[in-house]
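In what follows, a structure is listed as structure tokens, so that the remarks can point back to it.
Only the coordinates and a few stated rules stand behind these numbers; no lab work does. Please read these numbers as outputs of a predicted model, since none were measured by experiment. Positions of Cβ are generated from backbone atoms using ideal geometry, with glycine treated the same way; all protein chains shown enter the neighbour counts.
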Amino acid sequence: MIDDTLPLLMKGYAWLPDARRRNGEGPLWTRLAGRRAVALHGTDAVHWFYDERNVRRQDALPGPLLDTLFGRGAVHTLDGEAHRTRKAMFLTALREPRAVGELADLAAVEWDRAAERWADREEIVLFDETAEVLTRAVCAWAGVALPEGRDGARRTAEDLVAMVDGFATAGPRHFRARRARKRQEARIADLVTAERTRAAEAGSHTGADVSGADSGVLAAVARHRDSDGSLLDPHTAAVEVLNVVRPTVAVTWFLAFAAHAQHRWPAQRTRLVAGGAEEALAFAQEVRRFYPFAPFVAGLATDEAHWQGEKVPAGTMVLLDLYGLNHDEKLWPDPYVFDPDRFLGRSPDRDTLVPQGGGDPATGHRCPGEDVTVALLATLAPRLARLSYDVPDQDLGIALSRIPARPRSKVVLRNTQGAQ
Ligand code: HEM
């Protein structure tokens, strides 16, 4: 059996869709990094993949991915009861509409403040500016203090972006990501320890913590108990706080894609300016479907795994082709046309729109941050549309071979002026 590591590295997002065009819809048996692997496609595969009887996550993710993107001991690596108990903590913090609305409001305030500063500058790099806007918003919302000093938010944003940008490469981006993770884990572990001391002192003075400071993700993680009843050690707690803060800042990638769409199809921009919440929501969903972000998800076959009657040997790496599913012409007519109307007044099907995984987030590993992602995009994309700016000559191309993909220039804007 051939090893597909090189084609994956060369083609990135196009690797699995290309292989499917050549080999048809069935499972693609291959090897990755010397390990037997099978890639699956289709909505049936989504149901199968997210059934714990078929696929487990423990030991599924390679060390370099954990040391950059997710962190050691992360919820991504748990199965069964341990996973469900840890996951509940995320779902409680991330899916309550009022909490999601508060985060979106904070992001709007930070964006409007930043837009005032941009007006004094000849040129901005939208990607970097958005990362800082989102860092300020999510850290305030989560109760994660930013380092002191004028550039505390910018440096934190750079670290959070680096962790995402460097997970799928062996080059300098990867080592930047490792250093960024080490730095942020150490800093946030100290914040968790300080939060526990504060909560214990508040409790001993009053018999209960009534200070009000115990809200927010940092405090929730600090007091969370795992399925064995124990508190998370400070390092694991820091990993999980980062599993909220980092992907929230990763919405920057989607906002850069939103800018790309508004520039490439100006009618989309006009619609966002003229439209309301429905148009903004539909636009946000189409950005998530159309543009490349997570190429696939991976797990390991259990002892019991059979796919469509065929035994999948235990320990086989199982891949689910997310990017391919979001561009499957059987599920999405004209999949390579950017068309928010697909979502206008319609909720997307759970296992068809899968940019952030499939299945049920409560029982499986589907992303618990979809509401946050959609709310942030639907809040900021219309603000971007209303901003007046020039787009100087630049390379806005998006190479599918680079994971994670982004417009090459990171979207340079000139002469930005407040709302139109
Ligand atoms: C899991 C994508 C935003 C928190 C995942 C998974 C994907 C994903 C593909 C894995 C699903 C699986 O393993 O089956 C994305 C993308 C985002 C995003 C593309 C856009 C920027 C967020 C946000 C949050 C978040 C905003 C939190 C505020 C998580 C967590 C998990 C996860 C905690 C682990 C869930 C588990 O293992 O049970 N995400 N996500 N993500 N995401 Fe997101």
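Overview of values
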read-out: Residues of region 13-69 satisfying the condition of being assigned to a loop (DSSP other than H, G, I, E, B) and within 17 Å of Gly359 (Cα to Cα); value: His41, Gly42, Tyr50, Asp51, Glu52, Arg53, Asn54, Arg57
read-out: Residue match in region 321-338 (condition: farther than 23 Å from His260 by Cα, in contact (Cβ under 8 Å) with a residue 60 or more places away in the chain, buried (at least 23 other Cβ atoms within 10 Å of the Cβ) and in contact with a strand residue (DSSP E or B) (Cβ under 9 Å, 6 or more places away or on another chain)); value: yes
read-out: Any hit, region 107-129, residues being closer than 28 Å to Arg223 by Cα and either in a loop (DSSP other than H, G, I, E, B) or touching an Asp or Glu at 6+ places or on another chain (Cβ under 8 Å) (or both); value: no
read-out: Qualifying residue in region 307-320 (condition: surrounded by 23 or more Cβ atoms within 10 Å (Cβ to Cβ) and of a type in the set (Phe, Trp, Tyr)); value: no
read-out: The listed residue being within 22 Å of Tyr50 (Cα to Cα) and either within 16 Å of the ligand (Cβ to nearest atom) or over 19 Å from the mean Cα position of the chain (by Cα) (or both), out of Gly397, Gly357; value: Gly357
read-out: Only one of Gly149, Gly101 that is assigned to a loop (DSSP other than H, G, I, E, B), among the small types (Gly, Ala, Ser), more than 17 Å from Ala259 (Cβ to Cβ) and more than 16 Å from the chain's Cα centre (by Cα); value: Gly149
read-out: Search result, residues across region 70-87 that are in a helix (DSSP H, G or I) and either more than 12 Å from the ligand (Cβ to nearest atom) or in contact (Cβ under 8 Å) with a residue 24 or more places away in the chain (or both); value: Phe70, Val75, His76, Gly80, Glu81, Ala82, His83, Arg84, Thr85, Arg86, Lys87
read-out: Flag for Val55 being closer than 24 Å to Asp303 by Cβ, touching a residue at least 24 places away in the same chain (Cβ under 8 Å) and in contact with a helix residue (DSSP H, G or I) (Cβ under 6 Å, 6 or more places away or on another chain); value: yes
read-out: Criterion violated by Leu134 - all others in (1) farther than 22 Å from Thr416 by Cβ; (2) among the aliphatic types (A, V, I, L, M); (3) outside any loop (DSSP other than H, G, I, E, B); (4) under 16 Å from the mean Cα position of the chain (by Cα) satisfied; value: (1)
read-out: Some residue of region 360-373 being more than 16 Å from the ligand (Cβ to nearest atom) and crowded, with 19+ Cβ neighbours inside 10 Å; value: no
read-out: Residues within region 227-263 that are closer than 22 Å to Ala131 by Cβ and either of a type outside the set (Gly, Ala, Ser) or within 10 Å of the ligand (Cβ to nearest atom) (or both), tallied; value: 21
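For every residue, the table says whether it meets (1) more than 21 Å from Leu69 (Cβ to Cβ); (2) assigned to a loop (DSSP other than H, G, I, E, B); (3) among the basic types (Lys, Arg); (4) touching a Phe, Trp or Tyr at 6+ places or on another chain (Cβ under 6 Å).
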residue	(1), (2), (3), (4)
Val318	no, no, no, no
Glu329	yes, yes, no, no
Ser347	yes, yes, no, no
Leu353	yes, yes, no, no
Tyr389	yes, no, no, no
Gly418	yes, no, no, no
